[in-house]
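So the structure is just underneath, and the comments pick up after that.
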Amino acid sequence: MTHRKKLIAGNWKMNKTSADAAALVRELTAAAGQRTDVEVVVCPPFTAMEGVSRLLDGSNVRLGAQNLHPEKNGAFTGEISADMLRALFVSHVILGHSERRTLFGEQDAFINQKVLAALKNQLRPIFCVGETLVERESGATLTVVQTQLEAGLAGVSREQAADVIVAYEPVWAIGTGKVATTEQAQEVHAFIRTLLTKLFSEPVAQKIRILYGGSMKPANAPELLAQPDIDGGLIGGASLEARSFLELVTAAAVK
Ligand code: PGA
């Protein structure tokens, strides 16, 4: 089996002014800025991005965005393009997050355009999939995940696929304190890897990181991260404080 370096990404959502963001990033880089055993990514809001980018210069912590618009530029009020992100040394971008899907009506086809635009511009998508509680309870989890995954990654080439990071985030576990059990998470992660094998080949699927997201915390992370197909975490609440986020980074480093 290929060794996949674990990745811990903080999704700050709509939290932190640029001053707050700078304070948090200073703490993170002081403690984990030179780590090479875990890949660490922070995804601040757009307004904090430039300042954070400057503070990350010289550290191994990478900068991610929470969204992008697939067009290069033009009349898209309120939107941000891949070019604009690249100019700030952004390397990753969260796409298809369930909050974008449910609160802002983003659908698979549009998310797919974003994934393709990100890859074309050397940004690594952190592409999110996951079922709602109703879908899980009706036994539709794997079908929902399959539909989102296949639609979101349509047209991605085998070469590009190795740059994709998938995040499995059961919607019912996000921000609710309800974490998927280790077995529930591993089952879906293994299923996603099987789908990736069919789409892109076994060697490519073995390289792709599949993150878990949804109330991941220092207390539940070690068990989740010990699963064979859980390659890291996409962290919301616990990424807003240096202490809990750094504990997650440490948990990911344990072999
Ligand atoms: P949470 O959010 O860790 O607060 O559940 C995860 C996410 O939405 O990415």
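The values are calculated or read from the model by the stated rules, or taken from the named source; none is laboratory data. Here the structure is a predicted model, which is why all the values come from computation and not from measurement. As a convention, Cβ positions derive from the backbone with ideal geometry for all residues, glycine included, and neighbour counts pool all protein chains shown. For accessibility, only protein heavy atoms count, side chains too; no ligands or nucleic acids. Shrake-Rupley method; radii C 1.70, N 1.55, O 1.52, S 1.80 Å.
Suppose we keep only residues that are of a type in the set (S, T, N, Q) and more than 16 Å from the ligand (Cβ to nearest atom) within region 140-172. Which one would you say is least open to solvent (accessible area, probe 1.4 Å)?
Quick first cut of region 140-172, residues of a type in the set (S, T, N, Q) only: 141, 143, 146-148, 157, 160.
Right, trim to more than 16 Å from the ligand (Cβ to nearest atom) and you get 141, 143, 146-147, 157, 160.
Working: Thr141: 13, Thr143: 90, Gln146: 64, Thr147: 76, Ser157: 40, Gln160: 54 Å².
Out of the qualifying residues, it is Thr141.
Those strands (runs of 3 or more DSSP E) of region 164-255 in which 1 or more residues are closer than 18 Å to Glu150 by Cβ and under 15 Å from the mean Cα position of the chain (by Cα) occupy 165-168, 209-213.
The single condition among (1) surrounded by fewer than 19 Cβ atoms within 10 Å (Cβ to Cβ); (2) away from the ligand (no atom under 14 Å from the Cβ) that Thr176 does not meet is (2). Reported count of residues in region 94-112, each being within 14 Å of the ligand (Cβ to nearest atom) and surrounded by 11 or more Cβ atoms within 10 Å (Cβ to Cβ), is 9.
Go through the residues of region 56-63 one by one and say whether even a single one is at pLDDT 95 or above, open to solvent by 70 Å² or more (accessible area, probe 1.4 Å) and within 16 Å of the ligand (Cβ to nearest atom). No, region 56-63 contains no residue that is at pLDDT 95 or above, open to solvent by 70 Å² or more (accessible area, probe 1.4 Å) and within 16 Å of the ligand (Cβ to nearest atom).
One residue is enough: does region 83-93 have a residue meeting the conditions within 16 Å of the ligand (Cβ to nearest atom), open to solvent by 80 Å² or more (accessible area, probe 1.4 Å) and aliphatic (A, V, I, L, M)? Steps first, answer last, please.
Restricting attention to region 83-93, the residues satisfying the condition of being within 16 Å of the ligand (Cβ to nearest atom) are 92-93.
Of the ones still in play, those that are also open to solvent by 80 Å² or more (accessible area, probe 1.4 Å) are none.
No, region 83-93 has no match at all.
Filtering region 29-55 to residues that are buried (at least 20 other Cβ atoms within 10 Å of the Cβ) and charged (D, E, K, R) leaves only Glu39. Of the listed requirements (1) crowded, with 18+ Cβ neighbours inside 10 Å; (2) within 22 Å of Asp231 (Cβ to Cβ); (3) in contact with a Gly (Cβ under 9 Å, 6 or more places away or on another chain), Val25 misses just one: (2).
Being touching a helix residue (DSSP H, G or I) at 6+ places or on another chain (Cβ under 7 Å) and either open to solvent by less than 10 Å² (accessible area, probe 1.4 Å) or under 21 Å from Glu131 (Cα atoms) (or both) is the filter; apply it to region 229-238 and report the residue that is farthest from the ligand (Cβ to nearest atom).
Taking region 229-238 first, the residues touching a helix residue (DSSP H, G or I) at 6+ places or on another chain (Cβ under 7 Å) are 229-230, 232-233, 235, 238.
When the remaining residues are screened for being either open to solvent by less than 10 Å² (accessible area, probe 1.4 Å) or under 21 Å from Glu131 (Cα atoms) (or both), the result is 229-230, 232-233, 235.
Numbers: Asp229: 18, Ile230: 14, Gly232: 12, Gly233: 8, Ile235: 5 Å.
Taking the candidates together, the pick is Asp229.
Restricting the search to region 210-224, which residues are within 14 Å of the ligand (Cβ to nearest atom) and open to solvent by 10 Å² or more (accessible area, probe 1.4 Å)? Ser215, Lys217, Pro218, Ala219, Asn220, listed by residue number. Scanning region 11-21 for residues that are within 12 Å of Glu241 (Cα to Cα) and more than 16 Å from the ligand (Cβ to nearest atom) gives Asp20, Ala21. When Glu202, Glu241 are checked against the criterion of being farther than 22 Å from Leu142 by Cα and more than 11 Å from the ligand (Cβ to nearest atom), a single residue qualifies: Glu241.
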